[in-house]
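What follows is a single structure, written as structure tokens, with notes after it.
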Amino acid sequence: MGKSMYVNTRPTIVSVRVTDEQMEGIRRVMEATKKSASDIMREAFTMFAEKLERAGHTERLDAIRAAALKYAEARGEA
């Protein structure tokens with residue numbers, strides 16, 4: 001019998017502290033888009049990574065993009 005391997009299928013949780021003003025902005029975007037705060041922050045991160053890539057900072061962005069795509073596929077969004 002082979003050794004069983006544990007595969008973590010749960011996404012990593014990242015906590016972010018924001019000011020009251022920033023949270024109000026997030027709430028407005030949530031209401032306007034009907035998306036969760038997590039969805040909005042993931043999209044913001046993707047946009048930021050793309051901006052870095054356009055500026056020539058491509059280190060590790062491919063790995064980050066692949067992880068984001070894998071998560072989106074697992075949620076049935078891709």
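The values are calculated or read from the model by the stated rules, or taken from the named source; none is laboratory data. Worth saying up front: this structure is predicted, and the values here are computed from it rather than measured. Don't worry about glycine lacking a Cβ; one is built from the backbone with ideal geometry, like all the others, and counts go over all protein chains shown. Accessible surface areas use protein heavy atoms only, side chains included; no ligands, DNA or RNA. Shrake-Rupley method; radii C 1.70, N 1.55, O 1.52, S 1.80 Å.
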Test set (1) modelled with pLDDT of 85 or more; (2) open to solvent by 60 Å² or more (accessible area, probe 1.4 Å); (3) touching a helix residue (DSSP H, G or I) at 6+ places or on another chain (Cβ under 6 Å) - I26 fails condition number:
(2)
Being open to solvent by 100 Å² or more (accessible area, probe 1.4 Å), at pLDDT 85 or above and not hydrophobic (A, V, I, L, M, F, W, C): is that true of S15 here?
yes
Subset of segment 43-78 [closer than 17 Å to T9 by Cβ, assigned to a helix (DSSP H, G or I) and free of Cβ contacts under 8 Å to residues at least 60 places away in the same chain]
A66, A67, A68, L69, K70, A72, E73
